[in-house]
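Remarks on the structure that follows.
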């Protein structure tokens with residue numbers, strides 16, 4: 001029987017990896033559909049809002065990586081025990097999107113001079129403001145992003161970290177012990193270790 | 001007795017307005033704390049991750065506008081009846097964030113030449129691709145963004161629309177009947193009409 005889930009994405013980790021982590025953690029068999037970059041223009045029109053990752057199941061295409069992770073998180077009891085806990089998880093996840101978007105705002109700039117000009121305040125001002133707060137959030141939450149326990153936001157964090165580090169140009173956890181420990185905690189979960197050992201190798 | 005809720009934000013609609021809409025719709029009395037722009041540097045350090053809007057209640061500061069709207073939506077039964085419905089709402093809301101970020105990517109550019117260069121593909125390519133799909137989503141969902149019924153995502157859409165239009169430089173709903181109808185449907189809800197009549201006037 002074909003797997004129930006099919007994840008369509010570029011042949012990279014980036015926004016697809018948190019979804020792959022959660023599917024692996026939940027022992028939910030999935031088809032890991034990675035297309036080559038040159039095929040994207042022909043695939044794009046068939047994707048909702050022309051974007052990937054797309055997770056297809058029950059004959060339906062779902063999109064938006066954070067929304068998908070939240071949905072899978074609910075199935076896996078990783079989405080908080082009440083509305084307040086869910087809010088804490090959502091707040092942390094959207095902070096990670098802010099981080100990603102800030103880094104992307106210079107990373108995807110094609111004009112080198114503009115890129116360098118945009119990069120400087122993000123590396124020298126934004127990250128030194130943002131990262132201690134994120135690290136402290138994990139510290140205050142007993143080693144997790146929210147509610148003192150594992151949630152889908154932790155998988156999101158560990159899943160996008162290679163991508164985030166690639167854009168930043170360095171390991172953003174290097175000076176932040178709580179962030180580094182959280183990353184390791186997720187990566188050392190047996191199901192995640194197993195997934196990492198068998199996944200295709202990609203830089204980002 | 002002081003209101004239970006306090007919303008702290010710039011003296012604009014933008015990301016604060018969907019929250020004000022939901023609080024108004026829910027008849028949840030709130031202090032509409034608008035600070036002047038010149039005070040922001042002194043306020044910023046006391047805000048979670050240095051950002052606003054912040055909604056304070058039960059002695060706690062919550063942040064991230066989408067996360068707050070989802071939380072309020074749950075309290076108001078505007079968040080879907082099951083996980084699948086909640087996913088549809090979340091997908092739509094995060095699409096609106098994509099729209100907002102795309103427009104912001106040129107709008108906040110200070111170099112005029114760079115700004116014009118960035119603006120062109122977004123106005124000429126991104127919007128003509130994105131808006132028909134958003135319009136069609138509303139059409140397929142019986143006049144709402146998800147599940148054929150009112151949800152917090154509809155409030156989010158109507159709430160950020162002035163801000164989005166300001167960045168785009170035109171009313172993005174002008175050629176899209178379903179989007180225009182959805183906007184009017186939300187704005188004509190009695191509680192929202194009442195809020196709009198009494199709120200402070202601001203361009204954005």
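The values are calculated or read from the model by the stated rules, or taken from the named source; none is laboratory data. Since the model is a prediction, treat every value here as computed from it, not as a measurement. Neighbour counts are summed over all protein chains in view; Cβ atoms, including those assigned to glycine, are modelled from backbone coordinates with ideal geometry.
Some points to look at:
- Hey, residue B:3 at the interface with chain A (Cβ under 10 Å from one of its Cβ atoms) and surrounded by fewer than 16 Cβ atoms within 10 Å (Cβ to Cβ) or not: no
- With respect to the conditions (1) crowded, with 22+ Cβ neighbours inside 10 Å; (2) under 16 Å from the mean Cα position of the chain (by Cα); (3) facing another protein chain (nearest Cβ under 10 Å), residue A:22 falls short on a single one, namely (3).
- Count - residues of region A:159-169 that are within 13 Å of the chain's Cα centre (by Cα) and buried (at least 19 other Cβ atoms within 10 Å of the Cβ): 5
- Boolean, residue A:58 is farther than 23 Å from residue B:50 by Cβ, exposed (fewer than 15 other Cβ atoms within 10 Å of the Cβ) and within 11 Å of another protein chain (Cβ to nearest Cβ): yes
- Here residue B:74 passes the criteria (1) within 9 Å of chain A (Cβ to nearest Cβ); (2) surrounded by fewer than 22 Cβ atoms within 10 Å (Cβ to Cβ); (3) under 28 Å from residue B:44 (Cβ atoms) except the one numbered (3).
- When residues of region B:132-144 are limited to those that are out of contact with any helix residue (DSSP H, G or I) (no Cβ under 7 Å at 6 or more places or on another chain) and surrounded by fewer than 16 Cβ atoms within 10 Å (Cβ to Cβ), the one farthest from the other protein chains (Cβ to nearest Cβ): B:142
- Pick from region B:52-76, criterion touching a strand residue (DSSP E or B) at 6+ places or on another chain (Cβ under 6 Å) and free of Cβ contacts under 8 Å to residues at least 24 places away in the same chain, ranking: nearest to residue A:130 (Cα to Cα): B:63
- Spans of strands (runs of 3 or more DSSP E) in region A:4-65 with at least 3 residues within 22 Å of residue B:95 (Cα to Cα) and in contact with a helix residue (DSSP H, G or I) (Cβ under 8 Å, 6 or more places away or on another chain): A:5-9, A:60-63
- Of the helices (runs of 4 or more DSSP H) lying entirely inside region B:82-142, those containing at least 1 residues that are outside the structural domain of residue B:67 (by TED's automatic domain parsing) and under 24 Å from residue A:70 (Cα atoms) are B:83-107, B:127-140.
- For residue A:34, the test of being modelled with pLDDT of 95 or more and crowded, with 21+ Cβ neighbours inside 10 Å is failed.
- Pair list, Cβ under 6 Å, 6 or more apart: region B:87-106 residue more than 8 Å from chain A (Cβ to nearest Cβ) and within 22 Å of residue A:56 (Cβ to Cβ), other residue surrounded by fewer than 23 Cβ atoms within 10 Å (Cβ to Cβ) and modelled with pLDDT of 95 or more: B:88/B:147; B:89/B:80
Matching residues to (1) within 28 Å of residue B:109 (Cα to Cα); (2) surrounded by 15 or more Cβ atoms within 10 Å (Cβ to Cβ):
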| residue | (1), (2) |
| --- | --- |
| B:130 | yes, yes |
| B:146 | no, yes |
| B:157 | yes, yes |
| B:171 | yes, yes |
| B:174 | yes, no |
| B:186 | no, yes |
| B:190 | no, no |
| B:203 | yes, no |
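- Any hit, region B:179-186, residues being within 14 Å of chain A (Cβ to nearest Cβ) and in contact with a helix residue (DSSP H, G or I) (Cβ under 8 Å, 6 or more places away or on another chain): no
- The single condition among (1) touching a helix residue (DSSP H, G or I) at 6+ places or on another chain (Cβ under 6 Å); (2) facing chain A (nearest Cβ under 10 Å); (3) modelled with pLDDT of 95 or more that residue B:109 does not satisfy is (3).
- Across region A:159-204, the number of residues qualifying as free of Cβ contacts under 8 Å to residues at least 60 places away in the same chain, part of a helix (DSSP H, G or I) and closer than 23 Å to residue A:23 by Cβ comes to 13.
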